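Data first, discussion second: the structure below is written as structure tokens.
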Amino acid sequence: MQFDLVSPERLLASLDASAVQIPGTEGDMTIMADHAPVITTLRPGIVKVQGAGDAQDFVVTGGFAEVSATGVSVLAEMAVAKADAKADMFDALLDSARTTASDASGDAKDLADKHLADLEALKAAAGA
């Protein structure tokens with residue numbers, strides 16, 4: 001199946017994949033050929049793509065994924081190859097998320113705190 005990963009800056013990946021694991025807001029999903037069509041939002045996490053060769057991992061901070069029987073398109077808020085994810089990138093994201101969480105109230109505070117926790121977990125998972 002076709003896998004495409006797009007960030008606002010550029011197309012990061014376009015390749016043939018046998019399975020794609022995405023960090024959906026409702027939980028991780030693994031997509032394979034002939035998957036039922038679905039659109040889901042993403043939380044900060046790692047998109048894992050299994051292709052003909054080695055697996056490729058990408059760090060995403062959120063976005064959307066559109067799944068069809070023949071492919072997966074991920075439209076990420078921000079995305080980089082996991083190997084390119086550095087501690088300073090995560091530190092800047094975490095600083096921004098902390099500011100947002102401290103300024104928020106009510107339901108927005110809960111969402112901001114969840115986003116901050118997801119980013120902290122992503123930094124640990126990426127080994128940065």
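The values are calculated or read from the model by the stated rules, or taken from the named source; none is laboratory data. No experiment lies behind these values; they were computed from the predicted model shown. FYI the Cβ positions are ideal-geometry reconstructions off the backbone, even for glycines, and counts take in every protein chain you see. Each accessible area value is taken on the protein alone, full model and side chains, heavy atoms only, with ligands, DNA and RNA left out. Shrake-Rupley method; radii C 1.70, N 1.55, O 1.52, S 1.80 Å.
I want to confirm something. Restricting to the stretch 56-77 and keeping residues that are of a type outside the set (Val, Ile, Thr) and within 8 Å of the chain's Cα centre (by Cα), which single residue is nearest to residue 10 (Cα to Cα)? So the residue we want is 76.
When residues in the stretch 96-123 are screened for being open to solvent by 80 Å² or more (accessible area, probe 1.4 Å) and over 13 Å from residue 43 (Cβ atoms), 6 of them pass.
So which of 61, 70, 40 ends up being hydroxyl-bearing (Ser, Thr, Tyr) and either modelled with pLDDT under 90 or touching a helix residue (DSSP H, G or I) at 6+ places or on another chain (Cβ under 8 Å) (or both)?
Of the residues listed, the single one that is hydroxyl-bearing (Ser, Thr, Tyr) and either modelled with pLDDT under 90 or touching a helix residue (DSSP H, G or I) at 6+ places or on another chain (Cβ under 8 Å) (or both) is 61.
The residues listed here are 46, 22, 31; of these, the one that is in contact (Cβ under 8 Å) with a residue 60 or more places away in the chain and β-branched (Val, Ile, Thr) is 46.
Looking at 121, 97, which one is at pLDDT 90 or above and either under 12 Å from the mean Cα position of the chain (by Cα) or part of a helix (DSSP H, G or I) (or both)? So the residue among 121, 97 that is at pLDDT 90 or above and either under 12 Å from the mean Cα position of the chain (by Cα) or part of a helix (DSSP H, G or I) (or both) is 97.
Candidates 36, 65, 17: the one that is outside any strand (DSSP E or B), farther than 17 Å from residue 125 by Cα and not charged (D, E, K, R) is 36. When the residues of the stretch 22-42 are filtered to those that are open to solvent by less than 60 Å² (accessible area, probe 1.4 Å) and of a type in the set (S, T, N, Q), the one that is nearest to the chain's Cα centre (by Cα) is 41. If you filter the stretch 43-71 down to residues that are of a type outside the set (D, E, K, R) and out of contact with any Leu (no Cβ under 9 Å at 6 or more places or on another chain), you find that the one that is surrounded by the fewest Cβ atoms within 10 Å (Cβ to Cβ) is 53. Checked against the criterion of being surrounded by 14 or more Cβ atoms within 10 Å (Cβ to Cβ), more than 19 Å from residue 14 (Cα to Cα) and not hydrophobic (A, V, I, L, M, F, W, C), the stretch 83-95 has no qualifying residue. Identify the residue in the stretch 7-21 that is among the aliphatic types (A, V, I, L, M) and closer than 13 Å to residue 69 by Cα and, among all such residues, is surrounded by the fewest Cβ atoms within 10 Å (Cβ to Cβ). Applying the filter and picking the extreme gives 19.
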